[in-house]
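Colleague: Here it is, the structure, as structure tokens.
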Amino acid sequence: MSSNIGVMGHPIGHTKSPVFQQAGLDELGIAETFEAWDVAPDELEEKVTTFRATGFLAACVTLPHKQAVIPLVDELTEAAEAVGAVNWIFNRDGKLVGHNTDGTGFLRALKENTGFDPAGVDAVVFGAGGAARAIVYALKLAGIARLTIANRTVGKAQALASEFSEGRFKPDAIGLSRDELANCAPYAQLLVNTTSLGMAGGPAEMATPILADMISADAVGYDAVYAPPMTKFLREVENAGATSAGGMTMLVYQGIEGFEMATGQKAPVDTMFAAIGKVLKSG
Ligand code: ATR
């Protein structure tokens, strides 16, 4: 018999979620084991069916299933609908609700780690993939004044911008050239990297979407890439004298919101961060 809470993905060996989720459950004295489920795409439907069981709490959903689970749940929250992806499924008396906490996790990470409130600010988001979607959704929700989406493939940035355009919120879409960035980046109070530039083991580990000379010293730079913890982008942010913050916080806070919705209790945030800090340090 499988546990009542866990994370599913494929592959799943790399996941850090059970470490901090288990620490949270233990701290609150909740007698559940947070498991990691390796679910291949052709096993997804059958796995989701098991989430309807009485007593089942929740499943965190990671790659490659965040979109594929959408037709398998009974209901989507507004966040999941807007982001177009589900990263948590909750069992509400046999009814499965698909939710997304990636964007709100980002906002909480930003607030808790840098004290930054995006309301009314100008921001640049680099990238136009799945992580960018969640962050654009979150920044719109937070009441940002002006947003520029900068992406290697401008067409993708344009598609994302027009999808989220509403009323006075009309993101601009540009490429990654210095000329294009010069018109917006130096004036932005928030810069967020969601591209895979700087990612360990990726094709461009030593790359960054922007250099220090175009970053304001008053800005906050956030990198959704969490390995390595200090990316080339964050180094440029620091070289500019600006404030840097990293992606592991977004990962943990998306999990913390899921934990709170699954258990109905406030998460022991410090305990959960301490648990992940310990495994990251031990490599
Ligand atoms: P995720 O779900 O993590 O956002 P993704 O959907 O694959 O991942 O998106 C990856 C992002 O990194 C995209 O914005 C991609 O740019 P393109 O839309 O032009 O492909 C960006 N990216 C990946 N490699 C890049 C590179 N070498 N230079 C610039 N941008 C890159």
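What follows draws every value from the coordinates through simple rules; no lab data is involved. Because the structure is predicted, anything quoted here is derived from the model rather than measured. Every residue, glycine among them, receives a Cβ derived from its backbone with ideal geometry; neighbour counts consider all protein chains shown.
Colleague: Using only DSSP helix segments of four residues or longer, with each worth -39500 (n - 2.57), what per-residue ellipticity at 222 nm results for the chain after dividing by its residue count and rounding to 500?
Modeller: Numbers: 10 runs with 102 residues, N = 283.
My calculation for the chain gives -10500 deg cm²/dmol from helical runs alone.
Colleague: Next question. What length, rounded to one decimal in nm, is gained on full extension from His10 through to Ala217, with 0.36 nm per residue of separation minus their alpha-carbon distance?
Modeller: On the way: separation 207, 0.36 × 207 = 74.52 nm, distance 4.06 nm.
Full extension from His10 to Ala217 adds 70.5 nm.
Colleague: To the nearest 10 degrees, how steeply does helix 102-114 sit against the main Cα axis of the chain, on a 0 to 90 scale?
Modeller: So the helix axis and the longest Cα principal axis differ by about 60 degrees.
Colleague: What FRET efficiency, computed as 1/(1 + (r/R0)^6) with R0 = 45 Å and r the Cβ-Cβ distance, is obtained for Asn183 and Glu27, rounded to the nearest 0.05? Each step should come with its number before you reach the end.
Modeller: Numbers: r = 48 Å, r/R0 = 1.07.
Rounded to the nearest 0.05, the efficiency is 0.40.
Colleague: Using 1/(1 + (r/R0)^6) with R0 = 35 angstrom and r between the beta carbons of Arg152 and Ala227, what's the FRET efficiency to the nearest 0.05?
Modeller: Numbers: r = 21 Å, r/R0 = 0.60.
Plugging the Cβ-Cβ distance into 1/(1 + (r/R0)^6) gives 0.95.
Colleague: Hey, rough spin-label estimate for Asp270 and Arg235, points 7 angstrom out along Cα→Cβ, what's it come to in nanometres?
Modeller: The modelled label-to-label distance comes out at 3.4 nm.
Colleague: How much FRET efficiency would the formula 1/(1 + (r/R0)^6) give for Ala207 and Phe169, where r is the Cβ-Cβ distance and R0 is 25 Å, rounded to 0.05? Provide the component values of the computation, followed by the final result.
Modeller: Details: r = 30 Å, r/R0 = 1.20.
My answer for the efficiency is 0.25.
Colleague: Would you mind checking the tilt of helix 269-281 against the longest principal axis of the Cα atoms of the chain, expressed as 0 to 90 degrees and rounded to 10?
Modeller: Helix 269-281 sits at roughly 80 degrees to that axis.
Colleague: Follow-up question, since we're still on this one. Exposure proxy check: Met206, Met214, Met8 ranked by fewest other beta carbons within 10 Å? Before the final figure, lay out each step's value.
Modeller: On the way: Met206 8, Met214 18, Met8 23.
Neighbour counts put them in this order, fewest first: Met206, Met214, Met8.
Colleague: Follow-up question, since we're still on this one. When the chain is treated as a GNM, springs tying every alpha-carbon pair under 10 Å, which of Asn87, Asn100, Asn183 comes out with the largest mean-square fluctuation?
Modeller: So, out of Asn87, Asn100, Asn183, the one fluctuating most is Asn183.
Colleague: Next up: What is the list of residues in segment 159-193 whose amide nitrogen lies under 15 Å from a point 7 angstrom out from the Cα of Thr114, following Cα to Cβ?
Modeller: 185-193
Colleague: Over the alpha-carbon set of the chain, work out the extent along each principal axis and list the three values in angstrom, largest first.
Modeller: 58, 41, 34
Colleague: Translational diffusion coefficient, Stokes-Einstein: compute it for segment 41-103 using the Kirkwood radius over C-alpha pairs as Rh, at 4 °C and 1.567 mPa s, and state it as an integer in µm² s⁻¹. Don't skip to the answer; put the middle values down first.
Modeller: Values: Rh = 11.4 Å.
Rounded to a whole number, D works out at 114 µm²/s.
Colleague: Quick check: Cα centre of segment 1-44 to Cα centre of segment 118-147, how many Å?
Modeller: Between the Cα centre of segment 1-44 and that of segment 118-147, the gap is 30 Å.
Colleague: Keeping to pairs on different chains or 8 or more places apart, tell me how many lysine pairs in segment 131-283 have Cα atoms under 23 Å apart.
Modeller: So the count of such lysine pairs works out to 5.
Colleague: Does a label point 7 Å from the Cα of Asp42, set along Cα-to-beta-carbon, have any residues of segment 5-19 with amide nitrogen under 17 Å, and which are they?
Modeller: In segment 5-19, the label zone of Asp42 (backbone N under 17 Å from the point 7 Å along Cα→Cβ) covers 10-11.
Colleague: Tell me, what ³J(HN,Hα) does each residue in segment 73-82 have, in order and in whole Hz, if you take phi through Karplus 6.51 cos²θ - 1.76 cosθ + 1.60 with θ = phi - 60° and put x for Gly and Pro?
Modeller: Karplus-based 3J(HN,Hα) across segment 73-82 equals 9, 8, 8, 10, 6, 4, 5, 5, 4, 5 Hz.
Colleague: Compute the distance in nm between two label points, each set 7 Å from the Cα along the Cα-to-Cβ direction, one at Ser196 and one at Glu260.
Modeller: So the label points at Ser196 and Glu260 sit 3.3 nm apart.
Colleague: If you stretched the chain out fully between Ala53 and Asp74, how much longer would it get, using 0.36 nm times the residue separation minus the C-alpha to C-alpha distance?
Modeller: Numbers: separation 21, 0.36 × 21 = 7.56 nm, distance 1.42 nm.
Contour length minus Cα-Cα distance gives 6.1 nm.
Colleague: Determine the percent antiparallel among the DSSP beta bridges restricted to the chain, to the nearest 5.
Modeller: Numbers: 9 of 40 bridges.
Antiparallel bridges: around 20 percent, rounded to the nearest 5.
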